[in-house]
Amino acid sequence: MYTSENTIRVRYAETDRMGYVYYGNYAAYFETGRVEALRALGLSYREMEDKGIMLPVLSYQIKYFKPAFFDDTLIIKTTLKELPTGTRLSFHYEIWNDKGIQINEGQTTHVFVKVDGGRPITVPQEVIDKLAPFFKN
């Protein structure tokens, strides 16, 4: 299993009239966790795209527990629970505030596709090589 953590601070513009983080912003928070988790492995979204590979979202799930508010510091815990196989890669997320309260949890599943034509491709060997050490039992 591979896990990465990063933090963000909630901006005022990300809150709704009730003062809560607007629910749609959590997709962007998950994206931050995903990009930073790959970066920590030495993988870059930009470099993959430059090589003609993209990772569009196939599915997105989220369950909310508590609200987050303006100026909260949030910890995004991003986990890969399985070594990817085939064409898909799934990320699991937990967002916690700095008081140790879990805000939500979610999951996104992505498909590796070629930029030209959008056809699915198998997980690049570079991705497998970077993740494999975390899945040795």
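Taking (1) surrounded by fewer than 14 Cβ atoms within 10 Å (Cβ to Cβ); (2) over 28 Å from Ala13 (Cβ atoms) in turn, Leu89 satisfies each apart from (1).
Determine which member of the set Lys136, Lys77, Lys99, Lys130 is of a type outside the set (S, T, N, Q), closer than 21 Å to Val10 by Cα and either modelled with pLDDT under 95 or surrounded by 16 or more Cβ atoms within 10 Å (Cβ to Cβ) (or both).
Numbers: Lys136 fails: closer than 21 Å to Val10 by Cα; Lys99 fails: either modelled with pLDDT under 95 or surrounded by 16 or more Cβ atoms within 10 Å (Cβ to Cβ) (or both); Lys130 fails: closer than 21 Å to Val10 by Cα.
None of the other options fit; the residue is Lys77.
The set of residues in the range 4-22 being of a type in the set (Ser, Thr, Tyr), part of a strand (DSSP E or B) and closer than 16 Å to Thr73 by Cα consists of Thr7, Thr15, Tyr20.
The values are calculated or read from the model by the stated rules, or taken from the named source; none is laboratory data. None of the values given here were measured: they were computed from a predicted structure. Positions of Cβ are generated from backbone atoms using ideal geometry, with glycine treated the same way; all protein chains shown enter the neighbour counts.
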